[in-house]
Amino acid sequence: KKQLGVMVIGAGFVARGYFDHFKNSPKTRLAAIVDSNPEVLDKLSKEFNRELLMEDYKEALNLNEIDVVVVCTPHYLHHEMVIEALKAGKDVICEKPIAVSLREADSMIDTAQKQGRKLLVSLNMRFVPWAVKIRELIAQNKLGCIFMARSAYLGYEVKRLDDPEHWKGDMQRAGGGVLLDDGYHIVDLMNSYLGRAKYVQASGGRFVVEAPNKGEDNCSLMIEYESGAIANLMTSFTACAPDCKKEPTLSLLHEFYGVDGTLSCRSGWDSVRGAQNELELLSADNGLQEIDLNEVH
């Protein structure tokens, strides 16, 4: 029952949550942090032992104490890093999206199976309290048969997208625009709630962002599921939420309509108010009730 030795590749904003978890969990320990930028490693040296910090992930994979590799790099780097880690005999957690193409994704999955290793694509929204509670209420049949739903992931990322040198939204390095990046979350969530999709219609484009090498900044999908439900999904890189001030913000909306009730969830984040979450259930029998998310574990 030893502690698992974890290596994190890419020490940007996304990696911070992994650092905090793995260094505090009794089941894991941070064995290596890898980033190709020496300035990033210098900043981390104030918090972590310098011996943990490395620039070359291939060199770090040779360390015997590494059991699990977490890949937190830009999308275009996922394929090579995941393949190398799996072939080195490590289990891998890869940030979404899995890759920039179906060919790369299939290659990563095939390699994991051939090597007998685990490969997890990290979709953190499945585990936040409101998402857990939605899944629980649907499983309890609180809405009855769900016939329609809608979901929106509305972020503001115009500054990074308008920079042609930044990888965000770049067709080659990101693999596409907002659908593959932010829309990935709500497509996954709706699949987990409503089951397998059988028909998809999509429309989108680059309507606001001017950099010609960037993908779509807005996209809308209509999905029909094998369960009989239909859902409309909207995702945006250019939507101004409250207190946006043209800085990164996030606003989420999820609604489910069933024969016995309606479930509505609003969630968001900005630098002024922080996280805001609200979940309401309108039941044909019991009226409107607000769900306490503090009770979700």
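The values are calculated or read from the model by the stated rules, or taken from the named source; none is laboratory data. Keep in mind it's a predicted model, so treat the numbers as computed, not measured. Glycine also receives a Cβ, built like all others from the backbone with ideal geometry; neighbour counts cover every protein chain displayed. Heavy atoms of the whole protein, side chains included, go into the accessibility calculation; ligands, DNA and RNA do not. Shrake-Rupley method; radii C 1.70, N 1.55, O 1.52, S 1.80 Å.
Hydrodynamic radius of the stretch 58-138 by the Kirkwood approach over all distinct alpha-carbon pairs: 13.6 Å. The shape of the stretch 69-214 can be summarised by an equivalent ellipsoid whose semi-axes, obtained from the alpha carbon gyration tensor, come to 27, 24, 13 Å from longest to shortest. Between the beta carbons of residue 243 and residue 56, assuming R0 = 30 Å, the FRET efficiency works out to 0.15 to the nearest 0.05. From largest to smallest, the equivalent ellipsoid semi-axes obtained for the chain from the alpha-carbon gyration tensor read 34, 23, 20 Å. Taking the longest Cα principal axis of the chain as reference, the axis of helix 183-194 is set at about 60 degrees.
Quick one: putting +1 on the C-beta of Lys and Arg, -1 on the C-beta of Asp and Glu, what dipole do you get for the chain around its Cα centre, in Debye to the nearest 20?
Values: 34 positive and 43 negative charges, 137 e Å.
Dipole of the chain, to the nearest 20 debye: 660 debye.
In this simple spin-label approximation, residue 232 and residue 27 carry label points 7 Å from Cα along the Cα→Cβ vector, and these lie 4.1 nm apart. Note on the stretch 1-150: semi-axes of the ellipsoid equivalent to its C-alpha gyration tensor, largest first and rounded to whole Å, are 31, 20, 15.
Please work out how much length the chain gains when fully extended from residue 110 to residue 160, using 0.36 nm per residue of separation minus the C-alpha to C-alpha distance, in nm with one decimal. Numbers along the way, then the final one.
Values: separation 50, 0.36 × 50 = 18.00 nm, distance 3.36 nm.
My answer for the length gained is 14.6 nm.
Think of it this way: in the chain, 72, 94, 145, 219, 265 stand alone, with no other Cys Cβ under 4.7 Å.
A straight line joining the Cα centroids of the stretch 97-111 and the stretch 210-224 runs 21 Å. Principal-axis analysis of the Cα atoms of the chain puts helix 15-24 at an angle of about 80° to the longest axis. Near residue 45, once Lys and Arg are set to +1 and Asp and Glu to -1 for all other residues with Cβ below 14 Å from its Cβ, the sum equals -3. Given a 10 angstrom Cα cut-off, can you work out which residue in 11, 284, 152 is the most mobile in a GNM of the chain? The residue that fluctuates most here is 284. Taking label points 7 Å from Cα along the Cα-to-Cβ direction, residue 203 and residue 139 give a separation of 3.7 nm.
All Cα-Cα distances of the stretch 1-90, cut into 5 Å bins from zero to the largest, leave 3, 15, 28, 27, 19, 7, 1, 0 percent in each bin in turn.
Sort 61, 282 by heavy-atom solvent-accessible area, probe 1.4 angstrom, most to least. Intermediate results must be reported in sequence, preceding the final value.
Working: 61 15, 282 85 Å².
If we order 61, 282 from most to least accessible, we get 282, 61.
Evaluate the charge dipole of the stretch 69-170 about its Cα centre and quote only its size in Debye, nearest 20, assuming +1 on the Cβ of each Lys and Arg and -1 on the Cβ of each Asp and Glu. It would help to have the intermediate numbers written out before the result.
Details: 15 positive and 13 negative charges, 127 e Å.
Computed charge dipole of the stretch 69-170: roughly 600 debye.
Counting only protein heavy atoms and a 1.4 Å probe, the chain has 53 square angstrom of accessible area per residue.
For residue 222, the solvent-accessible surface with a 1.4 Å probe is about 80 Å², rounded to the nearest 10.
Could you grab the relative contact order for the stretch 9-155? Cα pairs under 8 Å, six or more apart, rounded to a whole percent.
Rounded, it is 17 percent for the stretch 9-155.
Averaging the sequence gap over all C-alpha pairs within less than 8 Å and six or more residues apart, then dividing by the number of residues, gives the chain a relative contact order of 15 percent. Expressed in Å, the radius of gyration and Dmax of the Cα atoms of the stretch 197-251 are 14.3, 41. Within the chain, which is the longest segment that contains none of the GluC sites (Glu not before Pro) sitting in a DSSP loop with at most 16 other Cβ atoms within 10 Å? The answer is 66-164.
Loop only per DSSP, at most 11 neighbouring Cβ atoms within 10 Å: give me the trypsin sites (Lys or Arg not before Pro) in the stretch 146-200, ordered by residue number. Kindly include the intermediate steps, with their values, before the conclusion.
Working: sites: 150, 159, 160, 168, 173, 196, 198; in loops: 168, 173, 196.
Passing both the DSSP loop test and the Cβ count: 196.
Of the cross-linked pairs 46/87; 58/133; 43/96; 27/133, those separated by over 30 Å at the C-alpha level are 46/87; 58/133.
Counting only protein heavy atoms and using a 1.4 Å probe, the accessible area of residue 230 comes to about 70 Å².
How tilted is helix 78-87 with respect to the longest principal axis of the chain? Cα atoms for both, answer in degrees (0 to 90, nearest 10). Taking Cα atoms only, the helix is inclined about 60 degrees.
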